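The block underneath contains the structure these notes are about, expressed in structure tokens.
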Amino acid sequence: MNVTAQNLPNAPVFEVPDPVDEFGQDGGKFYRCYDALADEIDEDMVKGLKEQLDGMLIFAGLFAGVNSAFLALTLPLLSADPSDDISALLAQNNAILIQMATGSNDSIPANSRLPSTEFSPSRDIFAVNALFSLSLAFAIISSFLAVLGRQWLVYYRKKSGGGPDRQRWEQLKRFLGAERWQLEPILDDVLPSLLQIGLIIFCASLILYLRHLSPAISLIVGIPMYVGLAIFVGSALCTVWDKFCPFQSPLSHVIIWSARAVPPAVKGIKALEWRRLSQGFSIKRWLDVLTRGREEESRESLQVIALQRAICTSDDPATLLHSTANILGITTVSQMEQLWRDRVFQERFVDQFQNSYSRMLQLRGHNEVNIAASSRRLYSSAAAHIVMYRDTNWDIHETLERSIVSLKTESTLIPLSQPLDSSTCLIRSTVSATLLQFCFISGGPSGVVYDRFCNHLATALAEQTHHDSRLSEIVSFIVMNHEDLLFGRLESIDVLRNAYRGCGTFKYNDSVQLCD
């Protein structure tokens, strides 16, 4: 394929890549695009979290200082005042001195119990100090976790040795671990929540302390605090009703998470067989599990995840095209099932497929028809490859099916002026996309369209210098199922799948003619 375009002076050459037979074997183009994308995503996440943690540390320090000042006022109220004991002793001494001065023989009642022995703090003071102390504890914990979070982020971005390939897959494993263990929600929601909880407790203890001193002052200060709390809770509830509401906060995320997670969790708890679970519990067994550790993702699984990440998050046309070209490098059913299992990937790929032609014209200009057609051809080839490497019925694909069938036959085939520059992988996949169209067109294709297809394929094969066994099997499939394809009588695409995968079902004979 290798169709290029350059519609501006000094603009970089834009190229629609050829599909690859093996994942990543495109001269490192996909990996360069993916590395730049992954580095941008990781750096953006780490930068945002670090800024938030820095702000938390500053606020937590100021908050702890204010809290400590109030504790310095309220903590002495939990113990007896020494001046009370001194006053009692002085009063007793004064009575003795007066008696001695007047010569009175009256007995002085001796009170051996000092006020401190009978002191007991009031319930309000006890509650005030407990709340102030709890608020300070939340501030200290959130500060400690913020410092710990910064250490986690340093480890997350720490480069390892071993070359770019090892660094790429190790960083992807760290990214998957961060997603699996909810690193971003913990640093973005849980830590600020601790600080907010401490602030709410502090406000409650302040109101209680002021009420102990003066109920009127407590009411004056409490009213704006109650209003602020109501606004905080109300804004969180607004995000439950409208997920694009700008008043996002950790509380709103907790409410949304609870609404989604609690019902399934309750059902799961009810469905658990506790007796069988307790019988299966063994300390030795769990120690063995911890010792072995979690099994890491395989190289093939990481390749699929990298492909999903690139297509689902990138808006760069070059990255999307190189990622689509590498879809044809996935040649196992398990990898393809893992790729297509992601609902977000399905929606993103189908959207790019359906709009590839128009978006490329918008990007490169309406004069660049060839490059737009090549882009659409690449997406149709990838769509056909996905269908061929999934062991499912055709109707399972639905949207993908409609996208393939809706294309004109001429738009999926490589122009006759181009086959010498095209890889056998592209020819094989475009031919398969056209065959899928023939299989599911009601009544089959018209004779003119079918003859044009056969002549096109014969010309492309004649110009190919390298023999491709899988392409030969597809040609044999066409010859042996000539009438079924022409009249739309092919009942299943499983035979075409086997030919496309090169399972050895068909043996190609060069003497066989594609069309009469």
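Residues in the stretch 179-215, backbone N under 20 Å from the label point at V154 (7 Å along the Cα-to-beta-carbon vector): list them, ranges by number please. Residues 183-184, 187-188 qualify, since their backbone N sits under 20 Å from the label point. Please state the shape class of the stretch 217-267: rounded when a/c is under 1.5, otherwise prolate if a/b exceeds b/c and oblate if not, all from the C-alpha gyration tensor. The shape class here is oblate.
Which order do R364, R123, R359 take when ranked by solvent-accessible area (1.4 Å probe, heavy atoms of all protein chains), largest first?
Details: R364 30, R123 210, R359 90 Å².
These residues rank, largest area first, as R123, R359, R364.
Once all protein chains are placed together, F59 keeps about 90 Å² accessible to a 1.4 angstrom probe.
The values are calculated or read from the model by the stated rules, or taken from the named source; none is laboratory data. Predicted model only: the values in this text are computed from it and were never measured. Backbone-built Cβ (ideal geometry, glycine too); neighbour counts: all protein chains shown. Only protein heavy atoms, including side chains, enter the accessible area calculation; ligands, DNA and RNA are left aside. Shrake-Rupley method; radii C 1.70, N 1.55, O 1.52, S 1.80 Å.
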